[in-house]
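Enquirer: Here it is, the structure, as structure tokens.
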Amino acid sequence: MEENRYRRYDASVGLSYYKANNSPNADSGSTFLTVTLSTENRKYINDKFKFVHGFFYGGGLSFNFQNNNTQGRLSPLAGYQLGVQYDINNQFYIGATTFPGVRADLTFNNNETWFSGVSATFSPTAEVSVLYRF
């Protein structure tokens with residue numbers, strides 16, 4: 001069985017904002033940026049199915065604010081990607097992947113910084129993708 005190796009780059013960005021109509025001091029919101037890099041190994045099971053696996057590492061930066069209080073979080077993470085891919089044709093394939101790993105959180109605000117913990121991250125949900133090859 002043939003195995004191919006790829007570099008995978010993922011990034012996500014988000015922003016939310018909430019303002020209550022009945023209270024001028026109830027502004028709140030959050031923003032985040034997450035980046036991960038991985039080595040993705042694809043091992044052919046047959047001519048259409050591939051087993052996907054490989055280590056990933058990266059981190060996240062997020063900010064939450066409410067009124068004049070801002071809190072930030074820096075979160076380095078590492079783990080292992082597990083999944084499958086199915087080739088629909090030469091241009092399209094479907095993938096389902098999960099990312100068990102470990103994450104640490106360093107939280108900070110205007111006055112102090114503290115280490116808030118280490119957590120194992122394993123979600124029973126999977127990332128499902130329909131992808132196009134160029």
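Enquirer: Counting only residues that are of a type in the set (A, V, I, L, M, F, W, C) and open to solvent by 30 Å² or more (accessible area, probe 1.4 Å), which one in segment 93-108 is farthest from Gln81 (Cα to Cα)?
Expert: Residues of segment 93-108 that are of a type in the set (A, V, I, L, M, F, W, C), as a first pass: 94, 96, 99, 102, 104, 106, 108.
Imposing the further condition that a residue be open to solvent by 30 Å² or more (accessible area, probe 1.4 Å) reduces the set to 94, 96, 99, 102, 106, 108.
Values: Ile94: 16, Ala96: 10, Phe99: 5, Val102: 12, Leu106: 24, Phe108: 30 Å.
Step by step, filter segment 93-108, then rank; the result is Phe108.
Enquirer: Out of all the residues in segment 43-57, which are assigned to a strand (DSSP E or B), more than 16 Å from Phe122 (Cα to Cα) and open to solvent by 30 Å² or more (accessible area, probe 1.4 Å)? Step through it out loud before you land on a result.
Expert: As a first pass, look at segment 43-57 and keep what is assigned to a strand (DSSP E or B): 43-44, 49-57.
Adding the requirement that they be more than 16 Å from Phe122 (Cα to Cα) leaves 43-44, 49-52.
Matches in segment 43-57: Lys43, Tyr44, Phe49, Phe51.
Enquirer: Please indicate, with yes or no, whether at least one residue in segment 60-82 is farther than 18 Å from Phe32 by Cβ, surrounded by 13 or more Cβ atoms within 10 Å (Cβ to Cβ), of a type in the set (Ser, Thr, Tyr) and at pLDDT 90 or above.
Expert: yes
Enquirer: Residues to consider are Asn90, Asn111; find the one that is farther than 15 Å from Ser129 by Cα, outside any strand (DSSP E or B) and either in contact (Cβ under 8 Å) with a residue 40 or more places away in the chain or open to solvent by less than 40 Å² (accessible area, probe 1.4 Å) (or both). Before you say what the answer is, go through the steps one by one.
Expert: On the way: Asn111 fails: either in contact (Cβ under 8 Å) with a residue 40 or more places away in the chain or open to solvent by less than 40 Å² (accessible area, probe 1.4 Å) (or both).
Answer to the selection: Asn90.
Enquirer: Further, regarding this structure: Checking the conditions here, which among Gln71, Gln81 is within 21 Å of Leu15 (Cβ to Cβ), not in a loop (DSSP other than H, G, I, E, B) and not aliphatic (A, V, I, L, M)? Let's see the steps before the verdict.
Expert: On the way: Gln81 fails: within 21 Å of Leu15 (Cβ to Cβ).
After ruling out the rest, the residue left standing is Gln71.
Enquirer: Further question on the same structure: Can you find a residue that is in a strand (DSSP E or B), farther than 18 Å from Arg8 by Cα and open to solvent by 50 Å² or more (accessible area, probe 1.4 Å) anywhere in segment 34-42?
Expert: So the first thing to find is which residues in segment 34-42 are in a strand (DSSP E or B), and the list is 34-42.
From what's left, farther than 18 Å from Arg8 by Cα: none.
No: zero hits.
The values are calculated or read from the model by the stated rules, or taken from the named source; none is laboratory data. Not measured: the values here are computed from a predicted model. Virtual Cβ from ideal backbone geometry, glycine too; neighbours counted across all protein chains shown. Ligands, DNA and RNA are excluded from the accessible area calculation, which covers all protein heavy atoms including side chains. Shrake-Rupley method; radii C 1.70, N 1.55, O 1.52, S 1.80 Å.
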